[in-house]
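Have a look at the structure below before the remarks.
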């Protein structure tokens, strides 16, 4: 015979739901200061995308070629060494 009941979980109050909705709405909006800061950051990032001539480029090939130009090319000996390492790795993986 059961003499004691287990209390159920308390139901969420309407106030709690209203508060949660208000907080969610506030998180989706920016203050004017935050919006200005975000625009400045976007402008700074856009300037970083400018190519060497100072004009903005959206040409991906041009961006790629500019980026790879920052790295030194391999010497003939380095190419041979790298090729041998790749070949030995391929042979080892086939065994």
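The values are calculated or read from the model by the stated rules, or taken from the named source; none is laboratory data. Computed from a predicted structure; not experimentally measured. As a convention, Cβ positions derive from the backbone with ideal geometry for all residues, glycine included, and neighbour counts pool all protein chains shown.
Annotations
- Filter pass, residue 12 being assigned to a helix (DSSP H, G or I), exposed (fewer than 10 other Cβ atoms within 10 Å of the Cβ) and modelled with pLDDT under 75: no
- Selection from the range 48-95 of residues that are assigned to a helix (DSSP H, G or I), surrounded by 10 or more Cβ atoms within 10 Å (Cβ to Cβ) and at pLDDT below 75: none
- Residue that is modelled with the lowest pLDDT [pool: residues in the range 27-39 that are part of a helix (DSSP H, G or I) and loosely packed, with under 10 Cβ neighbours inside 10 Å]: 27
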